[in-house]
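Note sheet for the following structure.
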Amino acid sequence: MIPHDYHLHSSFSCDCQAPMADMCRAAIALGIPEIGFTEHYDLHAGESDNCRDAFRLEAWSAELERCQAEFAGRLILRAGVELGEPHLFAAEAQALLARYPFDYALGSLHWVGSASIFDLTYFQEHSAADAFHLYFEELEHVTRAGGFDILSHLDVPTRAAFAVYGRYDPAEHEDYIRPVLRNCVERGLALDINTASLRRRAEVLNPGLEILRWYVELGGERITLGSDAHRPSQVGGYLETALATARAAGLKHLTFYERRQPRLAPLPEP
Ligand SMILES: [Zn+2]
Ligand SMILES: [Zn+2]
């Protein structure tokens, strides 16, 4: 049983064509009782013109509320959002969060300076050590600034980096990752255990077992599961793997959100 999928996109994200209702039907077909839509809210100057500041709150919330009514009793539908670089656009992000009763906000880092971490050139221009250290240093700033509830896909650069460097070992970057985890524990930020890279060549969870163990060691308890689906067929994908990895890391709970209040529930038995 998959208790939730808290990282989902629909056609209200500029990189996604899927109608929201189709994503909901996919979740219902899998027996997932609760999902949340987390459309991109991106203001970074490097974003393409059709992605930067593309999120339309009124149209999105109208469709969300229509789906909440259509699927009532079969699916709990949460109002989330994926804030890109919230440390750089704090005022804009907080203004957005004040305009609607969001259930939670994801905080995401997709850019290091002017470089996209999904673009191979970033990795071709840096050594593996530099590429990851620059990213994790920036992520330390993101998590220090806070202003969101859940840290998205902690080590997501591994997704594109795989094509340039091959496998990555988080232990090589431990000194840079631990400060990020410490910030999350101190500020009560949950970790999004993101399965999107399992659908790709890199075949890793973001974050995986080792990082989750460090998080537990530092006192971290809050996690959410996210397929980061951009198509109905990806909803719920590999979330059993995420759950098994969370258990193996010693985590005991899954965190649910309503109106930005966390509620911890025991992880389901295998
Ligand atoms: Zn993201
Ligand atoms: Zn996403």
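Let's see how each residue does on (1) of a type in the set (D, E, K, R); (2) out of contact with any Gly (no Cβ under 6 Å at 6 or more places or on another chain); (3) surrounded by 23 or more Cβ atoms within 10 Å (Cβ to Cβ):
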| position | (1), (2), (3) |
| --- | --- |
| HIS4 | no, yes, yes |
| ARG25 | yes, yes, no |
| ALA29 | no, yes, no |
| PHE55 | no, yes, no |
| GLU58 | yes, yes, no |
Note: among PHE55, PHE37, PHE12, just one is aromatic (Phe, Trp, Tyr) and assigned to a strand (DSSP E or B), namely PHE37
Residue tally, condition within 16 Å of ligand 1 (Cβ to nearest atom) and either surrounded by fewer than 24 Cβ atoms within 10 Å (Cβ to Cβ) or of a type in the set (Ser, Thr, Tyr) (or both), over region 143-156:
2
Answer with yes or no whether CYS16 is free of Cβ contacts under 8 Å to residues at least 40 places away in the same chain, surrounded by fewer than 21 Cβ atoms within 10 Å (Cβ to Cβ) and not small (Gly, Ala, Ser).
no
Out of LEU154, LEU139, report the one residue that is within 16 Å of ligand 2 (Cβ to nearest atom), under 17 Å from the mean Cα position of the chain (by Cα) and in a helix (DSSP H, G or I).
LEU139
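It is to be established whether one or more residues within region 102-112 are surrounded by fewer than 17 Cβ atoms within 10 Å (Cβ to Cβ) and either among the charged types (D, E, K, R) or away from ligand 2 (no atom under 15 Å from the Cβ) (or both).
No, the conditions are met nowhere in region 102-112.
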Within region 157-167, considering residues that are crowded, with 17+ Cβ neighbours inside 10 Å and not aromatic (Phe, Trp, Tyr), the one farthest from ligand 2 (Cβ to nearest atom)
ALA161
Can you find, within region 114-136, the residue that is surrounded by the most Cβ atoms within 10 Å (Cβ to Cβ) among those that are assigned to a loop (DSSP other than H, G, I, E, B) and in contact (Cβ under 8 Å) with a residue 24 or more places away in the chain?
ILE117
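We did not get these values from a lab; they are worked out from the coordinates using the rules stated. Just so we're clear, the structure is a prediction, and the values are computed from it rather than from any experiment. FYI the Cβ positions are ideal-geometry reconstructions off the backbone, even for glycines, and counts take in every protein chain you see.
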